[in-house]
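K.L.:
For reference, the structure I am asking about is given below.
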Amino acid sequence: MMNEARRTIRFTLNGRAASANIAVYETLVEVLQRDFGLFGGRESCGQGLCGCCTAVVNGAAVSGCLYLAAFVDGADVVTVEGLADRGVLHPIQQAFVSESGFQCGYCTPGFVLMTEQLLKRYPHPTDDEIRHYLSGNLCRCAAYPDIIKAVKAAAKSLASSRD
Amino acid sequence: MPARFTEPADTTVEAPSKARRKAPALREVGRSIPRLESHAKVDGSAEYIYHLRLPGMLQGKICRSTVPHARIVRIDASAALAMEGVHAVITADDIRTLIPDPYYGPAFHDQPILAIDKVRYVGEPVAIVLAADLHVAEEAADRVVVEYEPLLPVFDEVAATKPGAPIVHDFLRPSGMFPDLKHLKDRSGTNVALDARVLHGNVEKGFAEADLIFENVFRSGKVMHATFEPIVSLAELNGSNGLTIHTSSQSPSYVRAEVSRLLGWPENRVRVRTAFLGGGFGAKLYIKLEALVAACALLVRKPVRIGLTMEEQFYTITKHGATVRIKTGVAKDGRMVAREVETWWNGGAYADIGPRVSQKSGFTAAGPYDIENVSLANYAVYTNDPPAGALRGFGISQVVWAYECQNDIIARSLGIDPLEFRRRNILRNGRPHATGTIMTNAEIDEVLNRLSDRMKWDAPIDRGAGPIRRGRGVAIGFKACIAPTTSVAVMNVYGDGSCCLSCSTVDMGQGSDTAMAQIAAETMGISTESVRVVHPDTDVTPYDMATLGSRSTYHMGNAVRLAAEDARAQLLRIAAAALETDTEELECREGAVISPSGSRMTIGELMHARFGMQAGNVIGMGTFTPPYVKPDLQTGQSPQITPFWMLAGAAAEIEVDTETGRIRVTKLVNVGDVGRAINPAIAKRQLNGAGTMQLGFTLFEEMRFNEGQVINASLADYKIPGILDLPEDLSAELVEFPHEHGPFGAKGVGETGMFSVSPAIANALCDAVGVRILELPLTPERVLRAIRASENRPLDNE
């Protein structure tokens with residue numbers, strides 16, 4: 001029967017201690033939505049191909065629609081909701097706003113989180129680096145040109161805040 | 001009795017407002033304001049119905065047909081019902097206890113809520129399992145056993161019109177909603193749901209007089225919307241006799257009307273609300289899951305949610321595949337003298353809005369050209385494919401694909417530059433279109449000029465070397481915005497002077513909340529950011545036909561302008577009384593009413609003056625229905641077929657790898673005639689977004705079928721454009737000549753960027769390597785086969 005194997009996991013969620021009682025087959029997105037009301041990570045293609053479900057586990061982006069919740073036991077999990085500081089947007093989020101790097105917005109949290117990953121690795125990315133790094137995130141509204149602008153604006157803003 | 005300040009709203013105002021005639025400088029309209037909801041979209045908090053959870057709700061999982069055409073012998077749900085956690089399994093028999101005639105659809109009442117007696121496509125809903133746990137519902141849906149007695153299917157839209165073809169529906173059931181379709185009632189023994197014609201001049205005579213005649217058959221395959229927020233609906237009981245439906249719909253007003261009709265209820269017992277949509281593109285129009293979820297909630301007396309997966313979306317609604325036969329007679333000087341177009345639209349198993357797609361796009365199938373003799377025939381055809389409906393442009397890109405490829409063929413064989421060929425033939429303002437409607441407010445010449453400038457058309461291009469060949473192509477297209485339709489808006493001023501705009505336009509990413517707020521703000525003399533836009537909720541927001549066909553900016557924009565003008569007029573009267581002056585002397589700006597002497601009252605102060613405290617409402621209302629004359633059934637003639645024409649052009653530069661057949665689009669320019677851009681940045685983003693979507697439909701997107709089964713029903717196998725597919729040089733340009741009846745001159749733009757992309761690329765392909773491909777998409781294999789065939793060394797067949 002489907003509900004037989006349940007377990008309790010403990011992890012850090014956006015900087016706070018969290019725990020959840022999960023079934024072993026449940027994905028990270030399901031658990032974040034059901035138990036924590038976090039809908040920034042969202043399932044769309046259901047195959048880890050579109051990036052809408054992106055979450056960051058121990059500093060690395062994962063596809064939350066495929067990643068089993070059981071795997072985050074003991075891990076550090078960050079979602080898009082963890083970026084803003086008491087309502088003040090993270091510079092990357094602010095850049096997506098000022099460059100309007102979205103239309104319907106469904107894929108946007110995934111792009112924001114992947115941009116954060118990208119800029120950690122390449123603080124001053126070239127166009128090619130941006131395109132390759134974000135090629136695993138899809139946007140059906142195709143706001144790609146503005147997303148690229150947002151990434152560059154975010155890089156600039158983060159660089160100036162480091163100076 | 002309180003004093004009435006309400007001015008009757010003019011219901012069909014066409015003339016521009018007084019304010020516009022004075023042409024004051026615009027403060028809010030024309031600004032590239034970031035979307036009002038930006039913050040919520042980047043922090044994950046934007047509301048989408050897919051994420052709504054209702055207390056105590058059940059999840060529904062649909063059990064779908066595995067065969068394309070069959071009689072249902074029996075449905076055995078016992079194994080599913082035996083599963084722990086399954087609340088119910090519902091079939092058509094259950095639905096009929098609630099709704100005796102459970103067939104729905106905007107054009108035809110042909111689609112059963114769940115299959116009755118027969119299934120007509122692979123993926124058709126046959127039963128639904130309800131369980132609190134979605135995983136349980138999924139597993140149980142697999143355990144529902146359905147026994148079928150197969151019937152012969154038909155998939156090809158042309159074959160389906162031939163004598164002896166399997167018949168998908170025994171007789172036609174037009175819904176009555178569209179007067180243009182009423183004559184089809186009870187027609188039987190045919191798969192042609194609608195044949196719509198346009199006759200202009202004498203096409204036979206035209207061909208007889210032509211120096212040259214060209215005839216080709218073009219095809220477009222089926223593609224699909226792939227909205228990232230999958231289609232979803234929830235229903236819950238509302239009091240003792242009402243129902244609330246939360247749904248990712250582009251047409252909440254229609255959902256209310258159709259669900260009420262099915263239930264035999266007055267509309268006021270059904271409440272339909274939406275939130276932001278994670279993409280629409282036409283997938284979320286009319287009824288998708290709403291009738292089913294409503295029936296389920298009423299049968300089990302509990303809230304029910306049905307949310308599709310991406311895979312299920314491939315079995316819900318598609319774009320029409322189409323076969324277009326186009327024959328054109330030309331004089332030696334390059335003037336087109338006769339054009340005959342016959343289009344077969346593959347509508348799939350249920351009509352959805354297909355017959356309207358066929359008719360409304362079909363009547364533009366000769367292109368934006370001044371041709372004396374035109375004959376157009378359009379067949380909306382039932383087949384055993386999944387239903388086809390609207391996809392960003394209705395059927396426009398399918399007919400543009402045909403006429404713009406053929407125009408290139410003609411221009412090349414006459415040795416006329418493709419741009420010049422179009423210039424010689426375009427339909428200019430003041431000239432009659434094939435339907436008899438006079439072309440107005442359409443800037444085709446300017447679209448061509450901009451394309452020419454952007455492409456540096458007069459300068460030669462680098463043709464490439466070795467296996468990489470380069471070429472460039474151009475195409476133009478147009479659409480008549482659909483009619484007749486109505487939009488209603490309400491501008492509500494609160495006691496403190498803040499304003500809420502209520503309208504049922506759905507923001508699905510096109511930025512309508514922001515654009516409508518800009519129009520309201522401009523009219524009221526307040527800031528856009530201070531306007532709150534209420535999302536569609538039929539208990540609160542007034543009627544709107546639907547968010548489709550690039551109609552919102554023009555129709556709802558006008559309704560919003562009228563509503564804001566109405567509210568402004570009431571505020572001016574309050575101010576005139578308070579300031580002891582004449583309304584004519586007063587001006588609304590910066591959130592206040594200002595007199596020539598400089599005395600000013602904020603809107604909040606005016607409300608206080610009127611109600612004696614921070615209280616009350618001033619409610620402005622606007623209704624907009626542009627005129628329309630139904631075309632003659634035999635000839636398709638109408639003096640007023642559309643409220644406005646949408647003009648577009650695209651040009652592409654490409655590289656072709658002649659060893660692999662792969663096309664790389666290096667430059668793509670999309671030019672749209674938008675009247676006036678309410679928000680230029682959003683309008684350009686729409687053009688680029690549409691252009692990129694059509695780039696996918698041009699180069700690789702195609703639903704592939706095997707006996708009715710979609711064999712690539714996932715984003716793993718059905719690839720959509722990603723960031724690496726973006727042309728290096730992608731740009732959009734707005735042509736702005738204010739439309740005389742548009743709100744501040746605006747007209748629609750959401751679909752414009754789709755029209756011309758495919759033929760521009762195919763024409764560039766021909767320019768690069770001299771091969772002409774008549775069928776979309778232009779996959780590497782298709783291109784390579786064409787190149788090899790042209791070199792007399794064809795590739796072996798598969």
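Taken together, the values in this text are just the output of simple stated rules run on the coordinates, not laboratory data. Just so you know, these numbers come straight off a predicted model, no measurement behind them. Here the Cβ is made from the backbone with ideal geometry for all residues, glycine too, and neighbour counts use every protein chain on show.
K.L.:
Pop a pseudo-label 7 angstrom from the Cα along the beta-carbon direction at both residue B:737 and residue B:84 and give the gap in nm to one decimal.
P.N.:
A separation of 7.3 nm, rounded to one decimal place.
K.L.:
Rounded to the nearest Å, what's the spacing between the alpha carbon centres of region B:94-159 and region B:397-471? Just the number, please.
P.N.:
That distance is 46 Å.
K.L.:
If you don't mind, there's one more thing I want to ask. Let me know the volume per residue of the alpha-carbon convex hull for the protein assembly as shown, in Å³. Could the numbers behind the result be given before it?
P.N.:
Values: hull volume 179.3 nm³, N = 961.
Hull volume normalised by residue count: 187 Å³.
K.L.:
Still on this structure, please answer the following. Rounded if a/c is under 1.5, else prolate if a/b is larger than b/c, else oblate: which is region B:627-728, with a ≥ b ≥ c the root eigenvalues of its Cα gyration tensor? Don't skip to the answer; put the middle values down first.
P.N.:
Values: a/c = 2.27, a/b = 1.41, b/c = 1.61.
Oblate.
K.L.:
If you don't mind, there's one more thing I want to ask. Quick check on the exposure proxy: order B:485, B:383, B:602, B:343 from fewest to most C-beta atoms within 10 angstrom. Provide the component values of the computation, followed by the final result.
P.N.:
Values: B:485 20, B:383 31, B:602 14, B:343 27.
Least crowded to most crowded, the residues run B:602, B:485, B:343, B:383.
K.L.:
Which order do B:183, B:169 fall in if you start with the one that has the fewest other Cβ atoms within 10 Å?
P.N.:
On the way: B:183 10, B:169 19.
Least crowded to most crowded, the residues run B:183, B:169.
K.L.:
Please work out whether chain B counts as rounded, prolate or oblate from its C-alpha gyration tensor, where a ≥ b ≥ c are the square roots of the eigenvalues and a/c under 1.5 means rounded, while otherwise a/b larger than b/c means prolate and anything else oblate?
P.N.:
It is oblate, given that a/c is not under 1.5 and a/b is not larger than b/c.
K.L.:
Filter B:456/B:719; B:185/B:479; A:149/B:667; B:118/B:162 down to the pairs with a C-alpha to C-alpha distance above 25 Å, please. Working shown, then result.
P.N.:
Details: B:456/B:719 33 Å; B:185/B:479 28 Å; A:149/B:667 18 Å; B:118/B:162 22 Å.
With Cα atoms farther than 25 Å apart: B:456/B:719; B:185/B:479.
K.L.:
Normalised by the number of residues in chain B, what is the relative contact order in percent for Cα pairs under 8 Å and 6+ residues apart? Could the numbers behind the result be given before it?
P.N.:
Numbers: 2081 pairs, mean separation 124.8, N = 798.
Worked out over chain B, it gives 16 percent.
K.L.:
Still on this structure, I have one more. Using the crude model of +1 on Lys and Arg Cβ and -1 on Asp and Glu Cβ, and no other charge, please compute the dipole size for chain B relative to its Cα centre, in debye to 20.
P.N.:
Working: 83 positive and 95 negative charges, 147 e Å.
Value, rounded to 20: 700 debye.
K.L.:
At 7 Å along Cα-to-Cβ for each site, give me the label-to-label distance between residue B:171 and residue A:86 in nm.
P.N.:
Spacing of the two 7 Å Cα→Cβ label points: 7.2 nm.
K.L.:
Contact order normalised by length for region B:517-588, with contacts defined as Cα pairs under 8 Å and 6 or more residues apart; what percent is it?
P.N.:
Values: 42 pairs, mean separation 24.5, N = 72.
Over region B:517-588, the number comes to 34 percent.
K.L.:
Turning to a different aspect of this structure: With n ≥ 4 as the cut-off for DSSP H runs, can you work out [θ] at 222 nm for chain B, using -39500 (n - 2.57) per run divided by the number of residues, rounded to the nearest 500?
P.N.:
On the way: 19 runs with 206 residues, N = 798.
Dividing the helical sum by the residues of chain B leaves -8000 deg cm²/dmol.
K.L.:
Taking only complete DSSP H runs, can you tell me which helices of chain B stretch 24 Å or more along their own long axis by Cα positions and average at least 0.0 on the Kyte-Doolittle scale?
P.N.:
Values: long enough: B:396-414 (27 Å, 0.32); B:552-579 (37 Å, 0.29); B:680-699 (28 Å, 0.14).
Helices passing the filter in chain B: B:396-414, B:552-579, B:680-699.
K.L.:
If you rank B:101, B:43, B:170 by fewest surrounding Cβ atoms within 10 Å, what's the result?
P.N.:
On the way: B:101 12, B:43 23, B:170 9.
Starting with the residue having the fewest Cβ neighbours, the order is B:170, B:101, B:43.
K.L.:
Let me ask another. Rounded if a/c is under 1.5, else prolate if a/b beats b/c, else oblate: with a ≥ b ≥ c from the C-alpha gyration tensor eigenvalues square-rooted, which is region B:148-281?
P.N.:
Numbers: a/c = 2.10, a/b = 1.93, b/c = 1.09.
Taking the square roots of the gyration eigenvalues as a ≥ b ≥ c, region B:148-281 is prolate.
K.L.:
Run the simple label-point estimate for residue B:156 and residue A:24 please: 7 Å along Cα→C-beta, distance reported in nm.
P.N.:
Result for the modelled spin labels: 5.2 nm.
K.L.:
Give the distance, in whole Å, between the Cα centre of region B:725-782 and the Cα centre of region B:541-573.
P.N.:
About 31 Å separates the Cα centre of region B:725-782 from the one of region B:541-573.
K.L.:
Let me ask something else. Quick one: check the C-alpha center-to-center distance for region B:281-301 versus region B:624-681, whole angstrom.
P.N.:
So the two Cα centres are separated by 32 Å.
K.L.:
OK, next. Between residue A:35 and residue B:498, what FRET efficiency comes out of the Förster formula 1/(1 + (r/R0)^6) with R0 = 35 Å and r the beta carbon distance, rounded to 0.05? Don't skip to the answer; put the middle values down first.
P.N.:
Values: r = 37 Å, r/R0 = 1.06.
For residue B:498 and residue A:35, the calculated efficiency is 0.40.
K.L.:
Which value, in debye to the nearest 20, gives the size of the charge dipole of region B:435-542 about its Cα centre, when Lys and Arg are +1 and Asp and Glu are -1 at the Cβ?
P.N.:
Numbers: 9 positive and 13 negative charges, 179 e Å.
Value, rounded to 20: 860 debye.
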